[in-house]
Each structure stands twice: as C-alpha cells, then as structure tokens.
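Participant: Structure below; questions to follow.
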Amino acid sequence: MKITLETRTADTVKIYFEQTQKPQIKKVLPQKAQSVEEALADFEETLLPGAASFGRTIFVDGRYVGDVWCYCIDPEDEPNCMISFCIFEPDFWSKGIATAAVKMFIEEISGKYNIKTIGAFTYAHNYASLKVLEKNGFSVMEAFEEDGVLSKYLQYTC
C-alpha cells in the first residue's frame, strides 16, 4: 500500500466537502465550512502569500481517500499550529493510513514553517483519531466539555 500526500485543488476540495457530509464523519469531525462555496473560499485563502493554513490530500495507491491540514500557523505562538485530518473512505479506516499521513505531514510542515509544537482537538469518543495522534507522539494536555460533548486537546513537540 503506497500512501502519498498530494497538492489540494479546487476539485479535491469539492470532493472532500461532499464526502465529509456523511453522518458517520459528521459525528466525529466538526467543520467550519457549511457549504461547498465556503470550503472553496477557505481553500483560496490558503493559496495567498502568508496564509495561516496549509493542507495536503491523502492518496492510497493513487486513490484519493482524505485530507490532512494545519491551521493557525504562527511560529511565534504556542502551539505553532493546529492539525486536523480525515480519511473519508470507510474502506480505508483502521489500516494505519491516517497515522502514516500525519507523520509525513508533520515532517513536511516542521521544515516548511519552522514548526516546533502542534496542537490538536478531537472529541473524546473519537478513539481512532486519539490513537492516530498518540501514535505520532501527541500527548493529552486537557479534557473539557463544550456544547455537551467531551473533547480533548493534545500537543506534540517536534
């Protein structure tokens, strides 16, 4: 199985938005964009000089299966950025793909943006994401309740 990180495009943003509307994904992945137009506008901002977010698509054997991205990039603040990821194809869940993709992405952004610390939020019931983050060296720093849902904040030091 060959896992690669590729460049995001307007077409992949549209696919990603559509795929992440599945109920089983919406339960574990809060989303800022509420429409494909908002998602495309957010993507366009990542292309501007000095953008505070950056993402990649995740491909497995040439098939687009998800995304990984960082946001709030600021090498002067701690954490230096936040990370998020999603494998939207259920056939590719629990196969180590997200773990490998997050590892590759951390290696890329740590050099590209001089990242030393990375934060991540996830719902406490999202055991798969917790496992991916912990396998990549993230530690739980805090648990909290927001809007009636228990969440966790994790942090990684490069």
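The values are calculated or read from the model by the stated rules, or taken from the named source; none is laboratory data. Computed from a prediction, not measured in an experiment: that's the story for all the values here. Neighbour counts run over all protein chains shown; Cβ positions are idealised from the backbone, glycine included. The protein model used for the area step is the full one, side chains on, heavy atoms only, and it has no ligands, DNA or RNA in it. Shrake-Rupley method; radii C 1.70, N 1.55, O 1.52, S 1.80 Å.
Participant: Which condition from (1) over 16 Å from Arg63 (Cα atoms); (2) modelled with pLDDT of 95 or more is the one that Gln24 breaks?
Facilitator: Gln24 satisfies every listed condition except (2).
Participant: Name the pairs whose Cβ atoms lie under 9 Å apart, with the first residue in segment 144-157 and more than 9 Å from Thr122 (Cβ to Cβ), the second among the acidic types (Asp, Glu) and surrounded by 11 or more Cβ atoms within 10 Å (Cβ to Cβ), and 6 or more positions between them or separate chains?
Facilitator: Cβ pairs passing all conditions: Gln155/Glu78.
Participant: Please go through segment 126-139 and pick out each residue that is open to solvent by 50 Å² or more (accessible area, probe 1.4 Å) and under 17 Å from Phe85 (Cβ atoms).
Facilitator: Applying the first criterion (open to solvent by 50 Å² or more (accessible area, probe 1.4 Å)) to segment 126-139 yields 127-128, 131, 134-135, 139.
Tyr127, Ala128, Lys131, Glu134, Lys135 - these are the residues of segment 126-139 that are open to solvent by 50 Å² or more (accessible area, probe 1.4 Å) and under 17 Å from Phe85 (Cβ atoms).
Participant: Tell me, yes or no, whether segment 71-78 has at least one residue that is touching a Ser or Thr at 6+ places or on another chain (Cβ under 7 Å) and part of a strand (DSSP E or B). Give the steps one after another, and end with the answer.
Facilitator: Initially, segment 71-78 is screened for residues touching a Ser or Thr at 6+ places or on another chain (Cβ under 7 Å), giving 71, 73, 78.
Filter once more, keeping what is part of a strand (DSSP E or B): 71.
Yes; the residues of segment 71-78 include at least one that is touching a Ser or Thr at 6+ places or on another chain (Cβ under 7 Å) and part of a strand (DSSP E or B).
Participant: Take Gly119 and decide whether it is under 24 Å from Lys135 (Cβ atoms), out of contact with any Lys or Arg (no Cβ under 8 Å at 6 or more places or on another chain), free of Cβ contacts under 8 Å to residues at least 24 places away in the same chain and of a type outside the set (D, E, K, R).
Facilitator: no
Participant: Looking for something more than 24 Å from Phe121 (Cβ to Cβ), not in a helix (DSSP H, G or I) and not aromatic (Phe, Trp, Tyr) - is there at least one such residue anywhere in segment 11-32?
Facilitator: No.
Participant: Name the one entry in Ser53, Ser94 that is hydroxyl-bearing (Ser, Thr, Tyr), surrounded by 12 or more Cβ atoms within 10 Å (Cβ to Cβ) and within 26 Å of Gln155 (Cα to Cα). Reasoning before the result, please.
Facilitator: Numbers: Ser94 fails: surrounded by 12 or more Cβ atoms within 10 Å (Cβ to Cβ).
Every option except Ser53 fails the conditions.
Participant: Could you tell me which of the residues Asp61, Asp42 is modelled with pLDDT under 95 and either surrounded by fewer than 18 Cβ atoms within 10 Å (Cβ to Cβ) or charged (D, E, K, R) (or both)?
Facilitator: Values: Asp61 fails: modelled with pLDDT under 95.
Going through Asp61, Asp42 in turn, just one is modelled with pLDDT under 95 and either surrounded by fewer than 18 Cβ atoms within 10 Å (Cβ to Cβ) or charged (D, E, K, R) (or both): Asp42.
Participant: Let me ask something additional. Is it the case that Val68 is open to solvent by less than 60 Å² (accessible area, probe 1.4 Å) and within 15 Å of Pro30 (Cα to Cα)? Reasoning before the result, please.
Facilitator: Working: open to solvent by less than 60 Å² (accessible area, probe 1.4 Å): yes; within 15 Å of Pro30 (Cα to Cα): yes.
Yes; evaluated as a whole, the condition is true for this residue.
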